[in-house]
Ligand SMILES: [Zn+2]
């Protein structure tokens, strides 16, 4: 008898890993909104702030990487590339290559998986729409903190081809690696600059800005961010440049999303330290990771529904796991 593997057995999963009851509990997470450093918190129900266009993060149950199955992917970074949302993830067992899931933004449908040429704990990702490069944080080697650059000029073609192949995946190989002088935990592209941030367990972390000309990065301004930062995004709003930072640590602690203005942003290309002014902080369910502000919508992901944190009971688990690509109004995040 011919050995037969059903297509559904090897497909990258798209279904929720949470029961309706668990999602309901997460949905009803009671958070607070703090408007400035001295202001008191207003309470809110987290799920009520979700716009009705979220989608499930693919691959949490299983990911097909060019025919190889991984059941231990942990989602980390998020960015928008044209009509797609990209989500980076690494294998918590370090057995498999890191990946990027490609999801159609309009429907949140899974399109395909990109196999990256690294097994390291990939963090944030950023898309430079000017030079059409995807930047991936690689902090695995402490003597070689770097960003990996992937060419995106044939991305649309590659994605369309991969969406039709059996494994719904394709490989990408970096064509440049650029050293950076902070631990590259997360990054974002904004206004011609790649901003690279470090996760720190105590004290403040640093975000370092680099002007991007193709894959040449020239060091620019930097600024401080709180401990436990996990993701960053920028937007210009009513004439001011805002920076939003996600923070989380541990399975049980609430996450925080804090927004700042950068009054002296025009000095971004100089080798100086910028100051930030705190505007608003919002508590959220535990284990938030990447964030991307894109016009009036803000996307965020959590790692709490990854196998390592959700199914593996030995270290406890999040009380409010989230397996969705969450979509908020940017207004809620900033103002
Ligand atoms: Zn794996």
Legend entry - Inter-part distance where the stretch 245-294 and the stretch 178-212 are each reduced to a Cα centre, Å: 12
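Could you check how many percent of all C-alpha pairs in the stretch 82-221 are farther apart than 22 Å?
38
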Legend entry - Size descriptor, Kirkwood hydrodynamic radius, that averages inverse alpha-carbon separations across the stretch 256-335, Å: 14.8
Inset, instruction - Using a 10 Å cut-off on Cβ atoms, rank the peptides 137-143, 252-258 from the highest mean neighbour count down. - result: 252-258, 137-143
Inset, instruction - Indicate the gyration tensor shape class of the stretch 88-158 (rounded, prolate or oblate), computed on the Cα atoms with a ≥ b ≥ c the square roots of the eigenvalues: a/c under 1.5 is rounded; otherwise a/b larger than b/c is prolate and the rest oblate. - result: oblate
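For a quick protection proxy, order the peptides 320-330, 296-306, 62-72 by their average other-Cβ count within 10 Å, most packed first.
Numbers: 320-330: 22.3, 296-306: 24.3, 62-72: 18.2.
For the peptides 320-330, 296-306, 62-72, the packing ranking is 296-306, 320-330, 62-72.
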Legend entry - Exposure proxy order (Cβ contacts within 10 Å, fewest to most) of 319, 95: 95, 319
Legend entry - the chain: calculated mean residue ellipticity at 222 nm from DSSP helix runs of at least 4, using -39500 (n - 2.57): -2000 deg cm²/dmol
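What number does the stretch 42-97 give for Rg over Rh if you use C-alpha atoms and the Kirkwood radius? Write out the running numbers ahead of the final one.
Working: Rg = 14.8 Å, Rh = 13.5 Å.
Result: Rg/Rh = 1.09.
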Legend entry - Rounded, prolate or oblate (a/c below 1.5 giving rounded, otherwise prolate when a/b exceeds b/c) for the stretch 1-131 by Cα gyration tensor: prolate
Legend entry - Percent RCO, i.e. relative contact order, over the stretch 7-334, from Cα pairs under 8 Å lying at least 6 residues apart: 17
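For the chain, how big is Rg over Rh, using alpha carbon atoms and the Kirkwood form of Rh?
Details: Rg = 19.1 Å, Rh = 20.0 Å.
Result: Rg/Rh = 0.95.
None of the figures in this text is laboratory data; all of them are computed from the coordinates on show. Worth saying up front: this structure is predicted, and the values here are computed from it rather than measured. Don't worry about glycine lacking a Cβ; one is built from the backbone with ideal geometry, like all the others, and counts go over all protein chains shown.
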